[in-house]
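The values are calculated or read from the model by the stated rules, or taken from the named source; none is laboratory data. Bear in mind that the values here come from a model prediction, so they are computed numbers and not experimental data. Backbone-built Cβ (ideal geometry, glycine too); neighbour counts: all protein chains shown.
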């Protein structure tokens, strides 16, 4: 037991590798999120002294980059087809699915963790596809930014189950009228759109509107 009463794993004699560190780090992230991951907890998960972990990973920031890189391997890039719109949707939809399965990745992006090579490759593909469609560099930059902002925003909203829940209706005994009647009426629709599988539909609308401005 640690001084705080937390059980520790028995130290192992198995040689430690980066692959072991990544696997243990992912286990901690999936169980506890980024707040539950530290170098000391990682060492405990591995059954090693913290100094052994530091010989492979310099600090938590480097560890997070390694873990993010491991998960972003799952980002797939479709082969370019005849429909740039569908190519972008497929690529972004896949990235959205991966990040939804690993919610901590959104936290890492928003915390400023450097993009992994797989994310850079995804952005390169999206921009190349926009240029192939006939967009200018400026138009492509705006749409690329909007797609990432929408994707991350959607993931944050779906993680927060209380986002835009309708306010409690006022009872007959409440003398003050409802100050948010429009929100009260429309919030259930917002909830439905946010927490059900409308991501691709809204993404397609965003891309279609932008492509409509392309000569």
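Points to keep in mind about this one:
- When the criteria are applied in full, residue 49 meets the requirement of being over 25 Å from the mean Cα position of the chain (by Cα) and surrounded by fewer than 19 Cβ atoms within 10 Å (Cβ to Cβ).
- Of 84, 115, all but one fail to be surrounded by 12 or more Cβ atoms within 10 Å (Cβ to Cβ), farther than 22 Å from residue 191 by Cα and modelled with pLDDT of 95 or more; the exception is 84.
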